[in-house]
Amino acid sequence: MRNTARWAATLGLTATAVCGPLTGAALATPAGATASLYAPSALVLTVGHGDSAATATPERAVTLACAPSASGTHPAAVEACAELRGASGDFDALTAGGDALCTKEYNPVVVTAAGVWQGKRVSYERTFANECVKNASVTSVFAF
């Protein structure tokens, strides 16, 4: 029950952080004027241990904004935005080419992405068997 409340709070803060600035910009724009030349791309990325986002406690979270330029608290925002643009925002297409050898230890790690990518709402979740498998499977988007 506590984990569900934490995730609900995290998702509530995510929605506020991602959508709050978007509504303020729309209200501040005069009628008939264009708000921006770029579709918004702002995400909150999380990593936590557990079988699913509903049962895992987020251990790390970063923000990533990619339009008009890369910014946020992500440690490699420029690289992460470039990879997402190259994959057209498809998180399943983000795969690392490394051949890492990982143990068969089962200590599940969940990654999530929530927000907006090029004006479209995004909600992504993926569970990996352990931290080594996660690091070997995904690119710099979830490397934080």
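The values are calculated or read from the model by the stated rules, or taken from the named source; none is laboratory data. Since the model is a prediction, treat every value here as computed from it, not as a measurement. We place every Cβ from the backbone using ideal geometry, glycine too, and count neighbours over all the protein chains shown. Heavy atoms of the whole protein, side chains included, go into the accessibility calculation; ligands, DNA and RNA do not. Shrake-Rupley method; radii C 1.70, N 1.55, O 1.52, S 1.80 Å.
Within region 53-70, the residues that satisfy the criterion of being buried (at least 17 other Cβ atoms within 10 Å of the Cβ), out of contact with any Gly (no Cβ under 6 Å at 6 or more places or on another chain) and not in a strand (DSSP E or B) are Ala53, Cys66, Ala67, Ala70. Can you spot a residue in region 74-90 that is charged (D, E, K, R) and in contact (Cβ under 8 Å) with a residue 60 or more places away in the chain? For region 74-90, residues charged (D, E, K, R) and in contact (Cβ under 8 Å) with a residue 60 or more places away in the chain: present. Residues that are within 16 Å of Ser88 (Cα to Cα) and out of contact with any Pro (no Cβ under 7 Å at 6 or more places or on another chain) were ranked within region 116-131; the one that is most open to solvent (accessible area, probe 1.4 Å) is Arg121.
Scanning region 73-89 for residues that are open to solvent by 50 Å² or more (accessible area, probe 1.4 Å) and assigned to a loop (DSSP other than H, G, I, E, B) returns Thr73, Pro75, Ser88.
Checked against (1) open to solvent by less than 50 Å² (accessible area, probe 1.4 Å); (2) under 14 Å from the mean Cα position of the chain (by Cα), Asp92 passes all but a single condition, namely (1). Residue count for region 120-144, restricted to those that are in contact (Cβ under 8 Å) with a residue 12 or more places away in the chain and not in a loop (DSSP other than H, G, I, E, B): 17. Say whether the condition of being assigned to a loop (DSSP other than H, G, I, E, B), acidic (Asp, Glu) and without any contact (Cβ under 8 Å) to a residue 60 or more places away in the chain is met by at least one residue in region 96-119. Scanning region 96-119, I find at least one residue that is assigned to a loop (DSSP other than H, G, I, E, B), acidic (Asp, Glu) and without any contact (Cβ under 8 Å) to a residue 60 or more places away in the chain, so the answer is yes. Determine whether Lys134 is over 20 Å from Leu43 (Cα atoms), out of contact with any Pro (no Cβ under 7 Å at 6 or more places or on another chain) and either basic (Lys, Arg) or surrounded by 16 or more Cβ atoms within 10 Å (Cβ to Cβ) (or both). It is false that Lys134 is over 20 Å from Leu43 (Cα atoms), out of contact with any Pro (no Cβ under 7 Å at 6 or more places or on another chain) and either basic (Lys, Arg) or surrounded by 16 or more Cβ atoms within 10 Å (Cβ to Cβ) (or both).
Selection of region 99-115 for residues being open to solvent by 50 Å² or more (accessible area, probe 1.4 Å) and not basic (Lys, Arg) yields Asp99, Ala100, Leu101, Thr103, Glu105, Tyr106, Asn107.
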